[in-house]
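Undergrad: Structure provided below as structure tokens; questions to follow.
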Amino acid sequence: MKLPVLRLCAGLLFMVGGTAANAACTAEWPYWQRFAQHWVQPDGRVLESSLEKNHSTSEGQSYALFFALVANDQARFETIWRWSRENLMGNAPQTTLPAWLWGQGKDGVWKVQDANSASDADLWFVYALLEGARLWQKPQYRDDALSLLAQIKKQEITELPGLGAVLLPGPIGFSHIGHLWRINPSYQPLPLMRRLAAVDPKGPWNAIAAHTATLQDEAGDHGFAADWIGYRAVSDSAGLFASDPMKGDSGSYDAIRVYLWAGMTHPQDPLAKPLLASLHGMARATASTGLPPEKVNVRNGSTEGQSPSGFSGALVPYFRAKGQPWLEELQDQRARAAIDQWIAGTGPAPFYYDYMLSLFGLGWADQYYQFAADGRLQPRWESSCSATAP
């Protein structure tokens, strides 16, 4: 008679210790394993996450760190974090945020090419480290996470007149351009804000979460998410939202993640329902053709272009959360077909960003992971074969 998985894993834990048990309980997630084989080097560097050839970004590193946690892939998690810590922040998360771009310069030297950080990647690093520490009982990850979190608060959080605490996209280049700030709505997923608020209750995280709904309300009446939004001071105590000075009123490759994060937010989060309701434009635009548009104008509601398959992968949780199974099924089939054809050798290799979006969306839809109402990660392997079992 076969033993239940949980009893088998508990026995392994008793017989051979935690490390072997963790290996035995590694989640079989074929799409992640393919991602890791294709994009993650043995030393932990993630390739192709930049438009620059052979360059790597903090985004690619932080997302891969999260995926490795979802897969209970502890060895790869460690190598990804070690490479990121050493190369993007000089082994000093206590004082240095991750540089967003690393690669070979014109002088032929492999090094940081732009030391400015990207706050979305910084937050995903913190989140993955916090949850890795909790799920694997590795306090050193928590120490690094809290060090990074302190630097995020110091360098990437600012108070805007009439608005309060805001997450800037990075320390340099996004503020005081004629008393105007640039904000990226896709940089602040609600589950991450809730988890940070639990870990750092005196921090600005719930206030920033509340701005998520505010930013969407200010994006226009057509129910689309914007890539970027401007905020202009009109006095020392007041301000108003405006079109982004560089990207205008467009919603495309950045904004697609707003729908993704909204769809994956636990329905008991008080902002989940109103946020989904405000994002009605993408559902309407996709229903008309069956495919999401590549670009929208949030002010006039116009759409253009056919999006790549990764957009469909990102929208699977969104359509499931909105209770639109027909649209969910169409996007699910399109995203999986692009990946499966590549794996079978009958289709081209997808771009990193497309695959990454699909890995997030399809991984959640297949219940490899979920987010709790308080933001905690709930990987499938935790319930079936927990690495934290006594």
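The values are calculated or read from the model by the stated rules, or taken from the named source; none is laboratory data. Everything numeric here is computed off the predicted structure, so don't read it as measured data. Every residue, glycine as well, gets a Cβ built from its backbone with ideal geometry; the counts of neighbours run over all protein chains shown.
Undergrad: Can you tell which of Asp269, Asp254, Asp227 is farther than 22 Å from Gly310 by Cα, at pLDDT 90 or above, under 20 Å from the mean Cα position of the chain (by Cα) and of a type in the set (Asp, Glu)? I'd like the intermediate steps shown before the answer.
TA: On the way: Asp254 fails: farther than 22 Å from Gly310 by Cα; Asp227 fails: farther than 22 Å from Gly310 by Cα.
Of Asp269, Asp254, Asp227, the one residue that is farther than 22 Å from Gly310 by Cα, at pLDDT 90 or above, under 20 Å from the mean Cα position of the chain (by Cα) and of a type in the set (Asp, Glu) is Asp269.
Undergrad: Moving on to the next point. Out of contact with any Asp or Glu (no Cβ under 7 Å at 6 or more places or on another chain) and among the aromatic types (Phe, Trp, Tyr): does that describe Trp83?
TA: no
Undergrad: Regarding Ala150, is this residue among the hydrophobic types (A, V, I, L, M, F, W, C), out of contact with any Leu (no Cβ under 6 Å at 6 or more places or on another chain) and either over 23 Å from Ala197 (Cβ atoms) or surrounded by fewer than 19 Cβ atoms within 10 Å (Cβ to Cβ) (or both)?
TA: For Ala150, the condition - among the hydrophobic types (A, V, I, L, M, F, W, C), out of contact with any Leu (no Cβ under 6 Å at 6 or more places or on another chain) and either over 23 Å from Ala197 (Cβ atoms) or surrounded by fewer than 19 Cβ atoms within 10 Å (Cβ to Cβ) (or both) - is met.
Undergrad: Take the stretch 100-130 and flag every residue that is closer than 18 Å to Glu48 by Cα, surrounded by 23 or more Cβ atoms within 10 Å (Cβ to Cβ) and of a type in the set (A, V, I, L, M).
TA: Ala118, Ala121
Undergrad: Moving on. Which of the residues that make up the stretch 26-49 are surrounded by fewer than 21 Cβ atoms within 10 Å (Cβ to Cβ) and polar (S, T, N, Q)?
TA: Thr26, Gln33, Gln37, Gln41
Undergrad: Please specify each residue of the stretch 74-99 satisfying the condition of being of a type in the set (Val, Ile, Thr), surrounded by fewer than 23 Cβ atoms within 10 Å (Cβ to Cβ), under 20 Å from Leu149 (Cβ atoms) and in contact with a Gly (Cβ under 9 Å, 6 or more places away or on another chain).
TA: Step one: list which residues in the stretch 74-99 are of a type in the set (Val, Ile, Thr), which gives 79-80, 95-96.
With surrounded by fewer than 23 Cβ atoms within 10 Å (Cβ to Cβ) added as a condition, the list becomes 79, 95-96.
Still in the list and also under 20 Å from Leu149 (Cβ atoms): 95-96.
Thr96 - this is the single residue of the stretch 74-99 that is of a type in the set (Val, Ile, Thr), surrounded by fewer than 23 Cβ atoms within 10 Å (Cβ to Cβ), under 20 Å from Leu149 (Cβ atoms) and in contact with a Gly (Cβ under 9 Å, 6 or more places away or on another chain).
Undergrad: Quick one: in the stretch 274-296, of everything that is under 20 Å from the mean Cα position of the chain (by Cα) and assigned to a helix (DSSP H, G or I), which residue is surrounded by the fewest Cβ atoms within 10 Å (Cβ to Cβ)?
TA: Out of the qualifying residues, it is Leu276.
Undergrad: Right, next: From (1) out of contact with any helix residue (DSSP H, G or I) (no Cβ under 8 Å at 6 or more places or on another chain); (2) assigned to a strand (DSSP E or B); (3) touching a residue at least 24 places away in the same chain (Cβ under 8 Å), pick out the condition that doesn't hold for Thr158.
TA: If we test Thr158 against (1) out of contact with any helix residue (DSSP H, G or I) (no Cβ under 8 Å at 6 or more places or on another chain); (2) assigned to a strand (DSSP E or B); (3) touching a residue at least 24 places away in the same chain (Cβ under 8 Å), just (3) comes out false.
Undergrad: Moving on to the next point. For the stretch 192-200, does any single residue satisfy the condition of being out of contact with any helix residue (DSSP H, G or I) (no Cβ under 7 Å at 6 or more places or on another chain) and within 21 Å of Ala272 (Cβ to Cβ)? Steps first, answer last, please.
TA: First, the residues of the stretch 192-200 that are out of contact with any helix residue (DSSP H, G or I) (no Cβ under 7 Å at 6 or more places or on another chain): 198.
Those still in the list that are within 21 Å of Ala272 (Cβ to Cβ) too: 198.
Yes, the stretch 192-200 contains at least one residue that is out of contact with any helix residue (DSSP H, G or I) (no Cβ under 7 Å at 6 or more places or on another chain) and within 21 Å of Ala272 (Cβ to Cβ).
Undergrad: Here's a follow-up. Across the stretch 297-334, what is the number of residues that are in a helix (DSSP H, G or I), of a type outside the set (D, E, K, R) and closer than 18 Å to Val258 by Cα? Step through it out loud before you land on a result.
TA: Taking the stretch 297-334 and keeping what is in a helix (DSSP H, G or I), we get 309-321, 325-334.
Right, trim to of a type outside the set (D, E, K, R) and you get 309-319, 321, 325-327, 330-331, 333.
Among the residues that remain, those that are also closer than 18 Å to Val258 by Cα are: 309-319, 321, 327, 331.
Looking only at that region, the number is 14.
Undergrad: What do you reckon, is Ala128 within 22 Å of Ala198 (Cα to Cα), at pLDDT 95 or above and of a type in the set (Gly, Ala, Ser)?
TA: yes
Undergrad: Next up: Would you say Gly60 is modelled with pLDDT of 90 or more, out of contact with any Cys (no Cβ under 7 Å at 6 or more places or on another chain) and assigned to a loop (DSSP other than H, G, I, E, B)? Working first, answer last.
TA: On the way: modelled with pLDDT of 90 or more: yes; out of contact with any Cys (no Cβ under 7 Å at 6 or more places or on another chain): yes; assigned to a loop (DSSP other than H, G, I, E, B): no.
Criteria not met by Gly60.
Undergrad: Checking Asp122 against (1) more than 25 Å from Pro185 (Cβ to Cβ); (2) among the acidic types (Asp, Glu); (3) under 21 Å from the mean Cα position of the chain (by Cα): exactly one of these is not met. Which one?
TA: Unmet for Asp122, out of (1) more than 25 Å from Pro185 (Cβ to Cβ); (2) among the acidic types (Asp, Glu); (3) under 21 Å from the mean Cα position of the chain (by Cα): (1).
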